[in-house]
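Here's the structure, in structure tokens; my notes come after.
The values are calculated or read from the model by the stated rules, or taken from the named source; none is laboratory data. Since the structure is predicted, the reported quantities are computational estimates derived from the model, not experimental observations. Quick reminder, even Gly has a Cβ in these numbers, built from the backbone with ideal geometry, and neighbours come from all protein chains shown.
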Amino acid sequence: MADEVPQDSEENAIPGIDLSTPSIARAYDYMLGGKDNFAVDRALVDHIVSEMPGSPALAIDNRAVLIRAIREIVETTPVRQFLDLGSGLPSAENVHQVAQRYASESKVVYVDNDPIVLAHGRALLAENENTVVFQADLREPKSIYDSPDTRALIDFEKPVGIILSAILHHLNDDENPAELVQFWYDRVPSGSYFFVSHFRSADDPRSIQLQEVVQQSIGRGRWRTDEEILGLLPEGLTVLPPGLVPASQWRPTDEAEEVTPWGRLIGAVLAVKP
Ligand SMILES: C[S@@+](CC[C@H](N)C(=O)[O-])C[C@H]1O[C@@H](n2cnc3c(N)ncnc32)[C@H](O)[C@@H]1O
């Protein structure tokens with residue numbers, strides 16, 4: 001899908017997009033091999049990779065587990081509507097494509113605060129009436145809950161898949177990520193699923209190194225302990241097997257390969273509201 005959009009360059013940048021500071025969405029896109037990024041994003045990622053050569057595993061493992069989790073939810077549960085918060089730029093496979101492949105009636109609402117996501121997302125979704133993307137800050141969940149775009153597709157009387165993939169770690173502790181998850185927990189019915197992937201500290205000094213670089217350049221990025229990550233989930237949720245594990249080890253479809261030291265620094269967990 002990434003092949004269908006022209007490569008971004010400073011010359012054809014969408015007005016309003018900041019080319020002087022790396023953006024999370026664009027740097028992540030570059031780490032995944034995408035084209036929707038600028039020199040400033042590439043410089044950051046190249047720097048990280050030169051210092052920490054195995055670190056792209058975090059992005060690659062994260063995107064792969066997201067796709068597996070969506071497939072798993074659609075194949076094994078009645079959930080047919082998803083709210084993807086901090087959805088990122090379109091990638092090789094996206095949540096709506098996976099969900100609609102296994103259940104064509106699936107509805108997906110993508111939300112991101114980066115204007116580039118909106119621009120590229122709209123191009124991708126132009127002819128998909130069961131999918132929408134809009135720009136909002138997930139720290140203001142009421143605006144997302146009340147948005148006509150959300151309400152047009154999501155029926156909050158029916159189970160919802162709340163997707164928090166590689167996003168809660170971009171919230172600082174004083175931004176109360178747990179309260180944010182609780183907001184959605186309180187508004188979805190029983191049978192709703194919460195998928196969370198998150199940077200893990202894993203008792204590994206590499207996580208401190210990564211956190212320092214990411215904090216310095218982007219200003220946000222927390223490698224939390226497993227206890228802290230699970231502490232972000234509301235008490236009423238039931239964590240499903242295998243629990244919070246390195247993303248590559250979360251229900252792998254192929255025979256699980258040995259997880260790399262870098263791969264241990266991103267975890268994934270799926271939970272259900274009973
Ligand atoms: C690392 S990317 C993850 C993308 C996708 N969820 C995935 O897992 O592949 C994090 C995304 O969250 C977005 N983001 C960061 N802070 C946000 C906020 N406060 N509100 C909405 N989106 C945010 C970024 O723009 C970026 O696209």
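The rows are residues; the columns are (1) in contact with a Gly (Cβ under 9 Å, 6 or more places away or on another chain); (2) within 12 Å of the ligand (Cβ to nearest atom); (3) outside any loop (DSSP other than H, G, I, E, B); (4) under 21 Å from SER23 (Cα atoms).
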site	(1), (2), (3), (4)
ASP84	yes, yes, yes, yes
VAL117	yes, yes, yes, yes
ALA123	no, no, yes, yes
ASN128	no, no, no, no
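Which residues, taken from segment 40-66, are small (Gly, Ala, Ser) and surrounded by 17 or more Cβ atoms within 10 Å (Cβ to Cβ)? Those that are small (Gly, Ala, Ser) and surrounded by 17 or more Cβ atoms within 10 Å (Cβ to Cβ): SER55, ALA57, ALA59, ALA64.
Selection within segment 117-129: residues that are surrounded by fewer than 24 Cβ atoms within 10 Å (Cβ to Cβ) and at pLDDT 90 or above. The member of this set that is farthest from ASP84 (Cα to Cα) is GLU129.
Looking only at residues in segment 171-192 that are in contact with a Phe, Trp or Tyr (Cβ under 9 Å, 6 or more places away or on another chain) and within 16 Å of the ligand (Cβ to nearest atom), the one that is farthest from ASP146 (Cα to Cα) is VAL181. Is it the case that segment 2-14 has a residue that's modelled with pLDDT of 95 or more, crowded, with 23+ Cβ neighbours inside 10 Å and out of contact with any helix residue (DSSP H, G or I) (no Cβ under 6 Å at 6 or more places or on another chain)? There is no residue in segment 2-14 that is modelled with pLDDT of 95 or more, crowded, with 23+ Cβ neighbours inside 10 Å and out of contact with any helix residue (DSSP H, G or I) (no Cβ under 6 Å at 6 or more places or on another chain).
Scanning segment 218-247 for residues that are in a helix (DSSP H, G or I) and either closer than 13 Å to LEU171 by Cβ or modelled with pLDDT under 95 (or both) gives ILE218, GLU228, ILE229.
Being within 24 Å of LEU171 (Cα to Cα), in contact with a strand residue (DSSP E or B) (Cβ under 6 Å, 6 or more places away or on another chain) and within 13 Å of the ligand (Cβ to nearest atom) is a description that does not apply to GLY88. Here is the figure for segment 130-151: residues that are within 12 Å of the ligand (Cβ to nearest atom) and buried (at least 22 other Cβ atoms within 10 Å of the Cβ) total 2.
Whenever a residue of segment 222-246 is among the hydroxyl-bearing types (Ser, Thr, Tyr), its partners that are at pLDDT 95 or above, lying with C-beta atoms within less than 7 angstrom and at least six residues away or across chains, give the pairs THR225/SER201; THR238/ALA271; THR238/VAL272; THR238/PRO274.
Restricting attention to segment 95-115, the residues that are more than 8 Å from the ligand (Cβ to nearest atom) and touching a Ser or Thr at 6+ places or on another chain (Cβ under 8 Å) add up to 8. Exactly one residue out of VAL111, VAL160 is over 15 Å from the mean Cα position of the chain (by Cα) and at pLDDT 95 or above: that is VAL160.
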